[in-house]
Amino acid sequence: MKRVHVFISGRVQGVFFRAYTEAEAKKLGVKGWVRNLPDGRVEAVFEGEDGAVDQMIAWCHKGSPHAKVTKVEVIEEPYKGEFTDFEIRY
């Protein structure tokens with residue numbers, strides 16, 4: 001099992017990035033959360049099977065249909081298993 005903390009830069013706010021992230025995570029069985037940051041980036045925490053988390057990271061590099069991702073920063077963290085679902089945080 002794997003946990004990553006991800007920061008996505010580019011045109012990622014106002015393009016339904018969070019909603020698409022939530023849908024993709026639920027499809028892959030990944031738990032955690034996603035939110036917008038005041039500086040224009042999107043922040044997320046993904047937990048789950050190694051392969052599913054890797055697929056989420058790969059998905060973040062392209063994002064939602066109208067997003068223009070310029071950078072994805074991935075920080076591996078110890079797996080905690082603290083989430084029961086995936087949610088959008090406000």
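Computed from the coordinates by the stated procedures, all read-outs in this text should not be read as laboratory data. Predicted model only: the values in this text are computed from it and were never measured. Using ideal geometry, Cβ is built from the backbone for each residue, glycine included, and neighbour counts are taken over all protein chains shown.
A few remarks follow.
- For the chain, taking Cα atoms only, Rg and Dmax work out to 11.7, 33 Å respectively.
- Taken along the Cα-to-beta-carbon direction at a fixed 7 Å, the label points for E43 and K27 span 2.7 nm.
- Folded to 0 to 90 degrees: helix 17-28 orientation relative to the chain principal axis, Cα: 30 degrees
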